[in-house]
Amino acid sequence: MPTPDDSKRNQRIALRTTRIVKRAIERAAALNGQSLTDFVVTKAYESALETLDRHDRMVLSGGDRDAFIGALIDPPDPSARLKAAARRREKRAAR
C-alpha cells in the first residue's frame, strides 16, 4: 500500500474549519513534531485506509460463517433456474 511519502506531492486539498478545531490540530501536530500539513495528511490518510479496509472486508457472524463454509465444502445441487441460465450462457458463448 502506498504511503503519503511515495511520490511527489502535487495535489491540493482545501479545508475550512473553526478556529478551535484549527488550534487543536496545530497543537497536536506540534506535540507530534510535525507540520500542520504533515499531521493533517498523515491522519487523514490513516483514517482513509482504515475506512477502506473496513469496507473491503466481509465480516460474518458465527452462523453466517458456518453457512458460508458449509456451502463451500458441500455446495447444493444447482437449481432448475441455474441450469437454464447456464444453458443460455453456453448458447450465447457459442455464437
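Bear in mind that the values in this text are calculations on the coordinates, not laboratory data. None of the values given here were measured: they were computed from a predicted structure. Cβ sites come from the backbone with ideal geometry, for glycine too, and all protein chains shown count toward neighbours.
Largest mean-square fluctuation among Arg27, Arg81, Arg65, in a Gaussian network model of the chain whose springs join Cα atoms under 10 Å apart, belongs to Arg81. The order of Thr37, Thr42, going from fewest to most other C-beta atoms within 10 Å of their C-beta, is Thr37, Thr42. A full extension of the chain between Gln11 and Ala93 corresponds to an added length of 25.0 nm, given 0.36 nm per residue minus the alpha carbon distance.
Legend: calculated FRET efficiency, Ala44 to Ala84, from the Cβ-Cβ distance at R0 = 41 Å, rounded to 0.05, equals 0.25. Helices in the chain that qualify as membrane-span-like (whole DSSP H runs, Cα extent of at least 15 Å along the helix axis, mean Kyte-Doolittle hydropathy of -0.5 or higher) are 19-31, 36-56, 62-73.
Of the residues Val59, Asn10, Ser35, the one whose Cα sits farthest toward the positive end of the charge dipole of the chain, with +1 on the Cβ of Lys and Arg and -1 on the Cβ of Asp and Glu, is Asn10. Using every pair of separate Cα atoms, the Kirkwood estimate puts the hydrodynamic radius of the chain at 19.1 angstrom. Under the convention that each Lys and Arg Cβ holds +1 and each Asp and Glu Cβ holds -1, the size of the dipole of the chain around its Cα centre is about 820 debye.
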